[in-house]
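Report on the structure given below.
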Amino acid sequence: MDLRQLRYFLAIVKEGQITRAAKALNMEQPPLSRQLKLMEEELGVTLFDRDGKRLRLTHAGELLRQKAESLLHQFNESMQEVKELDESVQGVLSIGAVVSCISLLPQRIETFREKYPEVTFRIWEGDHFLLGEQLEKRSIELIVARLPFEASSESQSYAVRPLPSDPFVVVIPGKWLPDPAQETIRMQELADFPFLTLKTDRTTGMHDRVVTECRRHGFEPRIICECSSVAVIIAMVAAGLGATVLPKSVMTAFPLPSIRTLPLSDADFQSDVGILWLNNRYLSKTARRFIDHFLE
């Protein structure tokens with residue numbers, strides 16, 4: 001069995017039919033069917049259950065799919081590593097970022113492209129679990145996320161380079177402040193406000209940090225909305241529906257005149273941020289240079 005056959009097999013897995021797989025591979029159906037039969041004969045197993053025209057992986061087929069994907073990823077990364085020995089920094093860099101870290105990217109990407117103009121970017125946005133899945137699939141190379149990274153995987157370990165901590169600030173409708181010149185706010189002042197928190201179904205770290213800090217100051221926040229979107233939360237604050245507590249860097253992307261961002265005068269709690277990648281994966285030269293640039 002060779003790499004060509006493994007690519008044929010994965011195409012059949014992806015398409016679910018030999019006819020569609022042959023079309024995707026730009027080849028005729030009979031030769032592809034013969035290759036699949038040869039693979040099954042060589043391995044002595046059935047790789048697919050036939051359900052009409054639809055093919056479904058057997059247990060042996062699923063195991064081969066996992067191994068084939070891993071082998072092809074390793075082969076492609078080895079080829080990339082060799083090619084990059086004498087190449088400049090170029091190509092496409094795919095990065096994932098949680099919603100509260102998107103604001104950290106634009107300026108760094110701008111200055112990176114000034115230095116390496118042949119690099120282009122693909123940006124994925126999502127929670128820790130979604131980005132962890134995309135990292136394992138090799139759809140992205142790097143993740144910028146709040147720490148701790150909650151998408152723990154028993155089969156994967158992550159390398160993490162921490163960034164400077166990001167202080168939490170209170171974001172409040174401007175009309176709620178009796179004194180327009182007020183420059184700070186106390187945690188206790190939030191006790192009477194309707195509260196909005198950033199939270200997804202699977203990641204709760206930031207929500208939990210804020211609630212814990214409220215309790216430490218002797219009150220339970222009156223939460224009227226939990227939301228996975230920073231933009232939606234800010235829009236609700238701007239509409240006067242509630243107040244929220246977010247990392248300070250988030251607010252650089254939302255310079256709205258109807259809201260105020262105030263540091264806390266009696267609480268000094270921070271949001272930790274890091275850039276992550278898979279420990280066991282080869283990083284492209286572009287990704288390594290971007291990590292160094294990001295941390296400068």
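The values are calculated or read from the model by the stated rules, or taken from the named source; none is laboratory data. For clarity, every value in this text was computed on a predicted model and none was experimentally measured. As a convention, Cβ positions derive from the backbone with ideal geometry for all residues, glycine included, and neighbour counts pool all protein chains shown. Side chains are part of the model used for accessible areas, which takes the heavy atoms of the whole protein and leaves out ligands, DNA and RNA. Shrake-Rupley method; radii C 1.70, N 1.55, O 1.52, S 1.80 Å.
Taking the range 118-129 as the search range and keeping residues that are open to solvent by 60 Å² or more (accessible area, probe 1.4 Å) and of a type outside the set (Asp, Glu), which one is nearest to LYS199 (Cα to Cα)? So that I can check it myself, show each step before the final result.
Looking only at the range 118-129, we keep the residues that are open to solvent by 60 Å² or more (accessible area, probe 1.4 Å), and these are 118, 120, 122-125, 129.
With of a type outside the set (Asp, Glu) added as a condition, the list becomes 120, 122-124, 129.
Values: THR120: 31, ARG122: 25, ILE123: 21, TRP124: 18, PHE129: 13 Å.
Looking at residues that are open to solvent by 60 Å² or more (accessible area, probe 1.4 Å) and of a type outside the set (Asp, Glu), I get PHE129.
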* With respect to SER228, is the statement that it is surrounded by fewer than 15 Cβ atoms within 10 Å (Cβ to Cβ) and in contact (Cβ under 8 Å) with a residue 12 or more places away in the chain true? -> no
* Asked: Out of (1) modelled with pLDDT under 95; (2) crowded, with 19+ Cβ neighbours inside 10 Å, the odd one out for LYS248 is which?
  -> (2)
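Name the helices (runs of 4 or more DSSP H) wholly within the range 1-79 that hold at least 1 residues that are more than 30 Å from GLU141 (Cβ to Cβ), touching a Leu at 6+ places or on another chain (Cβ under 7 Å) and not aromatic (Phe, Trp, Tyr)? Before you say what the answer is, go through the steps one by one.
Values: elements: 3-15, 18-24, 29-43.
Fully inside the range 1-79 and qualifying: 18-24, 29-43.
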* Structure fact -> So, first residue open to solvent by 70 Å² or more (accessible area, probe 1.4 Å) in the range 204-221, second residue modelled with pLDDT of 95 or more and part of a loop (DSSP other than H, G, I, E, B), Cβ within less than 6 Å, six or more apart or across chains; the pairs are none
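Somewhere in the range 228-239, is a residue under 30 Å from LEU135 (Cα atoms) and in contact with a strand residue (DSSP E or B) (Cβ under 6 Å, 6 or more places away or on another chain)?
Yes, the range 228-239 contains a residue that is under 30 Å from LEU135 (Cα atoms) and in contact with a strand residue (DSSP E or B) (Cβ under 6 Å, 6 or more places away or on another chain).
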* Identify, please: which residue in the range 92-134 is in a helix (DSSP H, G or I) and touching a Gly at 6+ places or on another chain (Cβ under 7 Å) and is, among those, nearest to ARG65 (Cα to Cα)? -> GLN134
* Asked: Any idea which residue in the range 74-89 is nearest to PHE294 (Cα to Cα), counting only those that are at pLDDT 65 or above and either touching a helix residue (DSSP H, G or I) at 6+ places or on another chain (Cβ under 7 Å) or open to solvent by less than 60 Å² (accessible area, probe 1.4 Å) (or both)?
  -> VAL89
* To do: Of the conditions (1) open to solvent by 40 Å² or more (accessible area, probe 1.4 Å); (2) modelled with pLDDT of 90 or more, LEU104 clears all except one; give me its number.
  => (1)
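Take residues that are out of contact with any Asp or Glu (no Cβ under 7 Å at 6 or more places or on another chain) and under 30 Å from LEU71 (Cβ atoms) and tell me which of the helices (runs of 4 or more DSSP H) falling wholly in the range 182-296 contain 3 or more. Walk me through how you get there before you give the answer.
On the way: elements: 205-216, 230-238, 285-295.
Here the list reads 285-295.
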* Asked: Could you say which residue among GLU136, GLU114 is of a type outside the set (S, T, N, Q) and under 26 Å from ASP201 (Cβ atoms)?
  -> GLU136
